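The values are calculated or read from the model by the stated rules, or taken from the named source; none is laboratory data. Here the structure is a predicted model, which means the values were calculated and not measured. Please note: Cβ atoms are built from the backbone with ideal geometry, for glycine as well, and neighbour counts cover all protein chains shown. Calculation scope for accessible area: heavy atoms of the full protein, side chains included, ligands and nucleic acids excluded. Shrake-Rupley method; radii C 1.70, N 1.55, O 1.52, S 1.80 Å.
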Amino acid sequence: MRDVWDNAPTNSAMNGIAVRIPGYIVPIEQSKGYLREFLLVPYFGACIHTPPPPANQIIHVVLAEPVQGFRSMDSVWVSGALNSARRDSSMGVSGYEMQASAIEAYVPPPRE
């Protein structure tokens, strides 16, 4: 089953599309409190306490500039252009990548 999840299909129609998407941080590269690279996962504890979700639910995020104030499993909004790109890391296989233009603490959208 793990092999099927690691090769879950992605949607190439999303390539280059600017999105703002919520998720949880799983750090990949963090140094002296500065976060530069992480996996954005859809639910709390993914990749840490349980097997990782399917690759098409994980985004490998690289920030243009390292940021402070974010920790593992913090909920965030991340903005940037999405692209299909399978990448393997020690925490799981991601099916998408994003060069993030912004990251901010998660605040639920207002109800209408």
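Values computed for the structure shown
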quantity	calculated
So ARG20, is it open to solvent by 60 Å² or more (accessible area, probe 1.4 Å) and either assigned to a strand (DSSP E or B) or touching a residue at least 60 places away in the same chain (Cβ under 8 Å) (or both)	yes
Residue among VAL76, VAL67, VAL61 that is part of a strand (DSSP E or B), touching a strand residue (DSSP E or B) at 6+ places or on another chain (Cβ under 9 Å) and over 23 Å from ILE17 (Cα atoms)	VAL67
Scan of the stretch 23-43 for residues that are without any contact (Cβ under 8 Å) to a residue 12 or more places away in the chain and basic (Lys, Arg), ordered by number	LYS32
Residues that are open to solvent by 60 Å² or more (accessible area, probe 1.4 Å) and part of a strand (DSSP E or B), drawn from the stretch 23-54	TYR24, ILE28, GLU29, GLN30, SER31, TYR34, ARG36
Only one of SER101, SER79, SER89 that is closer than 25 Å to MET1 by Cα and touching a residue at least 24 places away in the same chain (Cβ under 8 Å)	SER89
Qualifying residues in the stretch 55-77 (those that are crowded, with 18+ Cβ neighbours inside 10 Å and not aliphatic (A, V, I, L, M)) - the one farthest from the chain's Cα centre (by Cα)	PHE70
Count - residues of the stretch 24-41 that are farther than 16 Å from ARG87 by Cβ and in contact with a strand residue (DSSP E or B) (Cβ under 6 Å, 6 or more places away or on another chain)	5
